[in-house]
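The structure under discussion appears below in the form of structure tokens.
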Amino acid sequence: MGLNHVLVLPFPAQGHVNPLMHLSHKLVQHGCKVIFVNTEFNHKRVLSAMNGKVTLDGSEVELVSIADGLGPEDDRSDMAALISSMVRTMPSDLEMLIRDINSRDGGSNRITGMVCDTYMAWALEIAQKLAIKGAIIIPSSSAMLALEDNIPKLIEDGIMDSDGFPIKKGKFQLSPKMPNMNITDMPWSCFSDASSQKTIFHYLARSIQWSHLTDWWISNTTIELEPGALSLCPKILPIGPIKESPKFRSLGQFWQEDHSCLSWLDQQPPCSVIYVAFGSFTIFDPNQFKELALGLELTNRPFLWVVRDDSNGSVTKHKYPNEFQGTKGKIVKWTPQPMVLKHPSIACFLSHCGWNSTMDGVSNGVPFLCWPYFADQFVDKAYICDFWKVGLGFEEDEKGIISRWEIKKKVEQLLGDEEIKGRSKKMKDMIMNNIAKDGKSTQNFNKFMKWLNE
Ligand code: UDP
């Protein structure tokens, strides 16, 4: 039998491309050949972030692309427009790509399996049509998938209407072992206007229906992290944490990694640095940005702060306040985050709580200061602060701002809390046991590989 040739299809966003790339490396280590399909737009970003440092020929993961259907100047942060365009054009392009690969080299290189992001689950229809084994991977928490799988019930219970808009205000719980969810913080309700919210809600609801075309739902989580969500959705197979493999260079970053932060970390005392990063989407209001800068300064501790060029929503740069010296800190545009969080100088992670960042932090035993911005990040924060108890949140002042004094207070409170630090270390060991030789996630992944290879 020839090599298993697996097509991996991420949703076009950084927090989806990264975990699917790490999964691809895992597949390669298990003897598969992987073809990784980005949108053309993101493919170009990835290549440019690598600065020509990689040859695509002969690498273990072949990077290819198909168009997302939008024009070159269109705004890809308009999620509703992006989704509508993708569903219109990508399925036929993907089918053509697969047919083309299958016809190369006399058919000896046929695609035998497909792992697609749950938010690209329409691709399972193509997998079925072409008789390819299909699976989905969940790049967010399994609680999110459980939520989406329960949309019909939430409508029936009168919590939301059939377009996803809240009927009752307040919180609800999908199961007693899961965090409370706020009906106004649904993954679709954070978008700017009602029409976008409706489009995204229906896309997510449809995506879960497509996801049911397969029985294989693998997830970057573990049984200890999400017992409630996993028992509510027994179909989910936890294979996490899906760690970046040190053997492979990341081929998924949209921004160039600044490795100078690692040598800077080498020069800091152990367990001293506040790592501050808000993922790939978060946009800061200028006042809040200023308070954050002054708050970090006020802690009088070393900090490593990721400020993306586009973190104020435009190309004009954020203005640092005049009083801000930043002498104790290092500011970079993008880090190799998993390597940063593994570094012994890191004391805590001030994070927006995206699921990948959450997994990066908990699997390295780093305690959190939680600053969620939108969508699933509020549920991730609830896991961190209320369920796993490995972090603290912030209180806003009367103007809705997290003040510099609140930041200083919470940094001191967290770093003085031996129980939180102890729990974080214990949690790391517990989670990492899952990917030890006989760990549960390893067994689950082997089961998945067995099915893929059959
Ligand atoms: N990340 C990184 N460098 C940074 C900031 C983030 O490599 O400076 C990576 C991080 O490891 C994760 C992804 O970017 O894989 C962000 O995903 P997450 O789910 O945390 O947040 P999102 O960007 O989707 O809001």
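Key figures for this structure:
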read-out	value
Selection from the stretch 396-432 of residues that are in a helix (DSSP H, G or I) and open to solvent by 100 Å² or more (accessible area, probe 1.4 Å)	Trp405, Lys409, Glu418, Glu419, Lys425, Lys426
Check on Ile283, more than 10 Å from the ligand (Cβ to nearest atom), among the hydrophobic types (A, V, I, L, M, F, W, C) and touching a helix residue (DSSP H, G or I) at 6+ places or on another chain (Cβ under 6 Å)	no
Residue in the stretch 265-279 that is away from the ligand (no atom under 16 Å from the Cβ), surrounded by fewer than 20 Cβ atoms within 10 Å (Cβ to Cβ) and under 18 Å from His352 (Cβ atoms) present	no
Contacts under 6 angstrom Cβ, first residue in the stretch 241-262 being open to solvent by 30 Å² or more (accessible area, probe 1.4 Å) and among the basic types (Lys, Arg), partner at pLDDT below 95 and within 12 Å of the ligand (Cβ to nearest atom), 6 or more apart	none
The stretch 271-292, residues that are over 28 Å from Pro12 (Cα atoms) and without any contact (Cβ under 8 Å) to a residue 40 or more places away in the chain	Lys290
Lone unmet requirement of (1) over 17 Å from Thr222 (Cβ atoms); (2) more than 13 Å from the ligand (Cβ to nearest atom) for Trp371	(2)
Residue under evaluation Glu291, criteria (1) at negative phi; (2) near the ligand (Cβ under 10 Å from one of its atoms); (3) modelled with pLDDT of 95 or more; (4) not polar (S, T, N, Q), criterion not met	(2)
Leading residue by the ranking (farthest from Ile236 (Cα to Cα)) among those in the stretch 183-210 that are open to solvent by less than 10 Å² (accessible area, probe 1.4 Å) and in contact with a Lys or Arg (Cβ under 9 Å, 6 or more places away or on another chain)	Ile183
Leading residue by the ranking (farthest from the chain's Cα centre (by Cα)) among those in the stretch 342-358 that are of a type outside the set (Gly, Ala, Ser), more than 8 Å from the ligand (Cβ to nearest atom) and under 27 Å from Lys409 (Cβ atoms)	Pro344
Strands (runs of 3 or more DSSP E) enclosed by the stretch 1-101 - at least 2 residues per element that are within 16 Å of the ligand (Cβ to nearest atom) and surrounded by 19 or more Cβ atoms within 10 Å (Cβ to Cβ)	32-39
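Residue-wise test of (1) open to solvent by 40 Å² or more (accessible area, probe 1.4 Å); (2) closer than 27 Å to Arg45 by Cβ.
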position	(1), (2)
Asp215	yes, no
Leu230	no, no
Lys235	yes, no
Arg308	no, yes
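The values are calculated or read from the model by the stated rules, or taken from the named source; none is laboratory data. Model, not experiment: these values are computed from the prediction. Don't worry about glycine lacking a Cβ; one is built from the backbone with ideal geometry, like all the others, and counts go over all protein chains shown. The protein model used for the area step is the full one, side chains on, heavy atoms only, and it has no ligands, DNA or RNA in it. Shrake-Rupley method; radii C 1.70, N 1.55, O 1.52, S 1.80 Å.
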